[in-house]
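Peer 1: Just passing along the structure, written as structure tokens.
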Amino acid sequence: MRDKPDIGAVGCVIPEASNLVEIGSGGYKVVYRATVAGEEQAVKLVRIPTDGDGEIKEENLGRLRREIALLSECESPFLVKLASIEPREVVIGSDLFVVYSEERVPGETIRERMRRKYEPSIGDLAEAGLCLLRATAELAGKGVVHRDIKPDNVMITGVPERPAVLLDLGIAFQTGGTPLTRDSGQLPGTLHYIAPEMLDPKFRQNLDHRADLYTIGLTLYEYASGVNPFRDPNEPGYTTLYRIKTKTPAPLVTHRPDLSIELCRLIDQLLKKLPALRPSSISSLIARMEGLK
Amino acid sequence: MKLYAQVGFGLGDKVNQGLSEGLIDGAIFSPKDLQLSTMMDRITAVRRDYPAADVFIDPQFYTSIHAGSPNISLGKLPEWDFFREYRKGELEVARNARVVIERCFDQVAQMGVTGLISPNILVSQSLDSREAVIAKNFLREAAEVHAARGGNLPLYASLVVCREALQDRAEFEEFINDITMLDQALSGIYLIVAGRASDARSDFFHTDVLANWMLLNLSLSVNGIRVINGYSDVISPFLGVAGGIAGATGWWSNLRMFSIGRFFPAGGGRQPRIRYLSKALLNRLLSNEKQALEGFVPEIVNGLAHDADYSPEPERADEVLQTWEALRDLNSELVSEDMMTGLGNCRQAVERARQAYASIAAAGLPLDASSRDDHLDAMEGALEQFATRAELG
């Protein structure tokens, strides 16, 4: 977030939170680790752009409320849960924000694991894949596409009941209903993790959960291999979208010949550009992944 | 990959013979060409004598919106309860589609079939059209009716599309994205690609048409949907490589390749000449061409049992046995569990055909137009296009 508010000022508007430490930030959002009611929580501060226009303000507020309402409805243990700070509007300086809290899921993100060159076993990959598929199954059942599954948004917990948890529904999209994000013409998502079909200008008409299956595949591919197949340090960043649309990743088995060929093929299959060529049945995918554990 | 007899007029003893020799795995019957009672007798006999055979009835409902046309020949189709002339507007109503499907299932299930093929219309121009919406609605309704009724017979929902519809890549991809995500999952598809005429080889042997036909098989099979390809003839092994579970062909040219023109018979004309399906050429030769060539280019001969029928020429009823025998062999040679291996086999088969045609040219023997090698460029192009778009490396 640009022009982040001073952490002291944030503390003043959230008096129930103490020991605030910034742990992440996005375009409109800052996330703090904080102590609330004796436990550690993730406190989210979301700027509400108003552009001086009441209608835009209400639209943005409405979207955020829907995201939070959606989270509150989700029962999957593999999706992050809301915590004790109920969403409320706060003003810091002249800017409007909404503050609320989510559980602080202890563990290590897949990104953090990758940074320390952790090489996941087939069991690690199948377990993470299963949690992500189950989380996606719940979202898909509500007609929602997460759109931002990536190594940074998957927490590996080490807890047997919920070995991996999917974080951040900030740009989730309601299929066939009210969009949870604005139809702004801007591409939502994170550059290297945009599903190819989202590069179609009409993607909102056709988007479905297979976009999340693609990003699950990509996250597992990157976790397994340590390589994002669409990131190329020798090419300018703006050519990434071209690569997403046209480049076929090297088969995963070429990076990890020690993994089972079935798992590698399954992950490769999820990365197909054409949604119709990805297996669409999440329950079948779960069954296949179970068989690979 | 399985091979079925595409049954039409002049059934005779062909299916029984094909089954008894193990050349085919079953048959797809056509209501147009057999009286209801005769069809039931024939199916009963097949099931009794060949209990492992698969038996289906293609309801041929795709003729219903043409049924009022003065030149149409519907044969015995009007004997069936579900069949009558419909306007597109009627079929846009889901309730009407459901009634057609329910009546069809009721009647077909009593015929002793091993699987149900649901009715549908022909998408005659574009996959982004009113007809395509009706066709998708029929797919959806068929799956729902079948699921609601339970029962033991597997469902193959009909999808009948014209070859032009397979030429618009954007529409095609949107369509397959849709049908692989229907609310009620499909278990199987009976897929027909229609040309303008059954003998219009260039309609079918076209790079985009073949590549998209293969992609349809792949996208459906990836999603657990078993695909039976009707009227697929020599294209069958390519479709098997792409994931299809079965192909079908019959004894007339209009049972090898599909056209709605089959129901608008032209008057007169002479009987088609007897042909020989050469595995090496991936094509048929006239039987006299085969005789003339086999001394110079021996690889055009399959080396299979029914080659003996061509000394000098088989009975017309036996011609199809040679077709089935050659196709069964081609299927088993080219189709592989591993798609990359299968694609490699197909590429080699096309290359082998090119070499055989080069040998024929070197021998200086002219060929009939439909015996020539026009199909090979389309096949080769389709294999490359399919591999690229399916990201198979």
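Peer 1: Any idea which of A:232, A:258, A:268 is among the acidic types (Asp, Glu) and within 14 Å of chain B (Cβ to nearest Cβ)?
Peer 2: A:268
Peer 1: Out of all the residues in segment B:266-280, which are in a loop (DSSP other than H, G, I, E, B), of a type in the set (Lys, Arg) and within 17 Å of residue B:249 (Cβ to Cβ)?
Peer 2: Once the filter is applied, which keeps residues that are in a loop (DSSP other than H, G, I, E, B), of a type in the set (Lys, Arg) and within 17 Å of residue B:249 (Cβ to Cβ), segment B:266-280 yields only B:279.
Peer 1: Now for a different question. Provide a single number: the residues in segment B:221-236 that are under 15 Å from residue B:58 (Cβ atoms), touching a Ser or Thr at 6+ places or on another chain (Cβ under 8 Å) and more than 14 Å from chain A (Cβ to nearest Cβ).
Peer 2: Here the count works out to 3.
A quick yes/no check of all residues on (1) assigned to a helix (DSSP H, G or I); (2) without any contact (Cβ under 8 Å) to a residue 12 or more places away in the chain; (3) buried (at least 20 other Cβ atoms within 10 Å of the Cβ):
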{"site": "B:9", "(1), (2), (3)": "no, no, no"}
{"site": "B:16", "(1), (2), (3)": "yes, no, no"}
{"site": "B:23", "(1), (2), (3)": "no, no, yes"}
{"site": "B:44", "(1), (2), (3)": "yes, no, no"}
{"site": "B:47", "(1), (2), (3)": "yes, no, no"}
{"site": "B:51", "(1), (2), (3)": "no, yes, no"}
{"site": "B:55", "(1), (2), (3)": "no, no, yes"}
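Peer 1: Residue A:277 - would you say it is in contact with a Ser or Thr (Cβ under 8 Å, 6 or more places away or on another chain) and within 14 Å of another protein chain (Cβ to nearest Cβ)?
Peer 2: yes
Peer 1: With farther than 30 Å from residue B:223 by Cβ and either aromatic (Phe, Trp, Tyr) or surrounded by fewer than 17 Cβ atoms within 10 Å (Cβ to Cβ) (or both) as the only criterion, which of B:322, B:348, B:355 stands out?
Peer 2: B:355
Peer 1: Does residue A:44 count as charged (D, E, K, R) and more than 27 Å from residue A:129 (Cα to Cα)?
Peer 2: Values: charged (D, E, K, R): yes; more than 27 Å from residue A:129 (Cα to Cα): no.
Criteria not met by residue A:44.
Peer 1: Within segment B:187-203, is there a residue that is part of a helix (DSSP H, G or I), within 17 Å of residue B:167 (Cα to Cα), touching a residue at least 40 places away in the same chain (Cβ under 8 Å) and not hydroxyl-bearing (Ser, Thr, Tyr)?
Peer 2: Within segment B:187-203, one or more residues are part of a helix (DSSP H, G or I), within 17 Å of residue B:167 (Cα to Cα), touching a residue at least 40 places away in the same chain (Cβ under 8 Å) and not hydroxyl-bearing (Ser, Thr, Tyr).
Peer 1: Scan segment B:365-393 and report the pairs whose first residue is more than 24 Å from residue B:253 (Cβ to Cβ) and without any contact (Cβ under 8 Å) to a residue 24 or more places away in the chain and whose second residue is surrounded by 18 or more Cβ atoms within 10 Å (Cβ to Cβ) and charged (D, E, K, R), with Cβ atoms within less than 8 Å and a gap of 6+ or a chain change.
Peer 2: The qualifying pairs are B:391/A:272; B:391/A:273.
Peer 1: Taking the stated definitions as given, is residue A:183 modelled with pLDDT of 95 or more and more than 14 Å from every other protein chain (Cβ to nearest Cβ)? Don't jump to the end; show me each part of the working.
Peer 2: Values: modelled with pLDDT of 95 or more: no; more than 14 Å from every other protein chain (Cβ to nearest Cβ): yes.
The answer is no for residue A:183.
Peer 1: Taking the condition at negative phi, in the same structural domain as residue B:259 (by TED's automatic domain parsing) and either more than 22 Å from the chain's Cα centre (by Cα) or aromatic (Phe, Trp, Tyr) (or both), does residue B:110 pass? Step through it out loud before you land on a result.
Peer 2: Values: at negative phi: yes; in the same structural domain as residue B:259 (by TED's automatic domain parsing): yes; either more than 22 Å from the chain's Cα centre (by Cα) or aromatic (Phe, Trp, Tyr) (or both): yes.
Against the criterion (at negative phi, in the same structural domain as residue B:259 (by TED's automatic domain parsing) and either more than 22 Å from the chain's Cα centre (by Cα) or aromatic (Phe, Trp, Tyr) (or both)), residue B:110 qualifies.
Peer 1: So, in segment A:245-268, exactly how many residues are surrounded by 18 or more Cβ atoms within 10 Å (Cβ to Cβ) and either of a type in the set (Lys, Arg) or under 23 Å from the mean Cα position of the chain (by Cα) (or both)?
Peer 2: So the answer is 8.
Peer 1: Taking the stated definitions as given, is residue B:239 in contact with a helix residue (DSSP H, G or I) (Cβ under 8 Å, 6 or more places away or on another chain) and in a helix (DSSP H, G or I)?
Peer 2: Considered against the rule, which asks whether it is in contact with a helix residue (DSSP H, G or I) (Cβ under 8 Å, 6 or more places away or on another chain) and in a helix (DSSP H, G or I), residue B:239 comes out as yes.
To keep it simple, each residue is scored yes or no on (1) farther than 30 Å from residue B:206 by Cα; (2) at pLDDT below 95; (3) of a type in the set (Asp, Glu).
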{"position": "B:71", "(1), (2), (3)": "no, yes, no"}
{"position": "B:111", "(1), (2), (3)": "yes, no, no"}
{"position": "B:160", "(1), (2), (3)": "no, no, no"}
{"position": "B:166", "(1), (2), (3)": "no, yes, no"}
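Peer 1: Moving on. I'd like the full set of residues that are at pLDDT below 95 and either assigned to a helix (DSSP H, G or I) or in contact with a Lys or Arg (Cβ under 6 Å, 6 or more places away or on another chain) (or both), limited to segment A:139-160.
Peer 2: Answer for segment A:139-160, where residues must be at pLDDT below 95 and either assigned to a helix (DSSP H, G or I) or in contact with a Lys or Arg (Cβ under 6 Å, 6 or more places away or on another chain) (or both): A:139, A:140, A:141, A:152, A:153.
Peer 1: State yes or no: is residue B:45 small (Gly, Ala, Ser) and touching a strand residue (DSSP E or B) at 6+ places or on another chain (Cβ under 9 Å)? Please lay out each step first, then the result.
Peer 2: Working: small (Gly, Ala, Ser): yes; touching a strand residue (DSSP E or B) at 6+ places or on another chain (Cβ under 9 Å): no.
No.
Peer 1: Does residue A:242 count as loosely packed, with under 13 Cβ neighbours inside 10 Å and of a type in the set (Phe, Trp, Tyr)?
Peer 2: yes
Peer 1: In addition: Among the residues of segment B:248-271, is any without any contact (Cβ under 8 Å) to a residue 40 or more places away in the chain, outside the structural domain of residue B:74 (by TED's automatic domain parsing) and either on the phi > 0 side of the Ramachandran plot or touching a strand residue (DSSP E or B) at 6+ places or on another chain (Cβ under 6 Å) (or both)?
Peer 2: Within segment B:248-271, one or more residues are without any contact (Cβ under 8 Å) to a residue 40 or more places away in the chain, outside the structural domain of residue B:74 (by TED's automatic domain parsing) and either on the phi > 0 side of the Ramachandran plot or touching a strand residue (DSSP E or B) at 6+ places or on another chain (Cβ under 6 Å) (or both).
Peer 1: Follow-up question, since we're still on this one. Can you tell me which of (1) surrounded by fewer than 17 Cβ atoms within 10 Å (Cβ to Cβ); (2) closer than 30 Å to residue A:223 by Cα is the one residue A:93 doesn't meet?
Peer 2: The number of the failed condition is (2).
Peer 1: Now for a separate question. Looking only at segment B:142-184, how many residues end up being more than 12 Å from chain A (Cβ to nearest Cβ) and assigned to a helix (DSSP H, G or I)?
Peer 2: 13
Peer 1: Mind checking which helices (runs of 4 or more DSSP H) fall wholly inside segment A:198-289 and carry at least 2 residues that are at pLDDT 95 or above?
Peer 2: A:210-225, A:252-255, A:261-270
Peer 1: Output the residue which, of all residues in segment B:185-210 that are away from chain A (no Cβ under 14 Å), of a type outside the set (Lys, Arg) and surrounded by fewer than 19 Cβ atoms within 10 Å (Cβ to Cβ), is farthest from residue B:376 (Cα to Cα).
Peer 2: By that ranking, first place goes to B:197.
Peer 1: Return the residues of segment B:57-95 that are under 24 Å from the mean Cα position of the chain (by Cα), more than 19 Å from residue B:258 (Cβ to Cβ) and part of a loop (DSSP other than H, G, I, E, B); say none if nothing qualifies.
Peer 2: B:80, B:82
Peer 1: Would you call residue A:283 within 11 Å of another protein chain (Cβ to nearest Cβ) and either of a type in the set (Ser, Thr, Tyr) or more than 21 Å from the chain's Cα centre (by Cα) (or both)? Can you show your working first?
Peer 2: On the way: within 11 Å of another protein chain (Cβ to nearest Cβ): yes; either of a type in the set (Ser, Thr, Tyr) or more than 21 Å from the chain's Cα centre (by Cα) (or both): yes.
Yes.
Peer 1: Still on this structure, I have one more. Could you tell me which of the residues B:313, B:391 is of a type in the set (Asp, Glu), surrounded by 14 or more Cβ atoms within 10 Å (Cβ to Cβ) and within 14 Å of chain A (Cβ to nearest Cβ)?
Peer 2: Exactly one residue qualifies, and that residue is B:391.
Peer 1: Here is a follow-up. Scan segment A:169-177 and tell me whether some residue there is modelled with pLDDT of 95 or more, more than 8 Å from the chain's Cα centre (by Cα) and either of a type outside the set (D, E, K, R) or on the phi < 0 side of the Ramachandran plot (or both). Give the derivation first.
Peer 2: Start the filter on segment A:169-177 by keeping residues that are modelled with pLDDT of 95 or more, which leaves none.
No, the conditions are met nowhere in segment A:169-177.
Peer 1: Any residue at all in segment A:30-52 that's of a type in the set (Gly, Ala, Ser), more than 24 Å from residue A:146 (Cβ to Cβ) and surrounded by 18 or more Cβ atoms within 10 Å (Cβ to Cβ)? Outline the logic, then answer.
Peer 2: Our first condition is that a residue be of a type in the set (Gly, Ala, Ser); within segment A:30-52, this holds for A:34, A:37-38, A:42, A:52.
Now narrow it down to the ones that are more than 24 Å from residue A:146 (Cβ to Cβ): A:34, A:37-38, A:52.
Checking which are surrounded by 18 or more Cβ atoms within 10 Å (Cβ to Cβ) leaves us with A:34.
Yes, segment A:30-52 contains at least one residue that is of a type in the set (Gly, Ala, Ser), more than 24 Å from residue A:146 (Cβ to Cβ) and surrounded by 18 or more Cβ atoms within 10 Å (Cβ to Cβ).
Peer 1: Can you name the residue in segment B:361-388 that is under 15 Å from residue B:279 (Cβ atoms) and not polar (S, T, N, Q) and is also nearest to the other protein chains (Cβ to nearest Cβ) among such residues?
Peer 2: B:379
The values are calculated or read from the model by the stated rules, or taken from the named source; none is laboratory data. Predicted, not measured: the structure shown is a model, and the values here were computed from it. Counting neighbours? That spans all protein chains shown, and the Cβs are built from the backbone with ideal geometry, glycine included.
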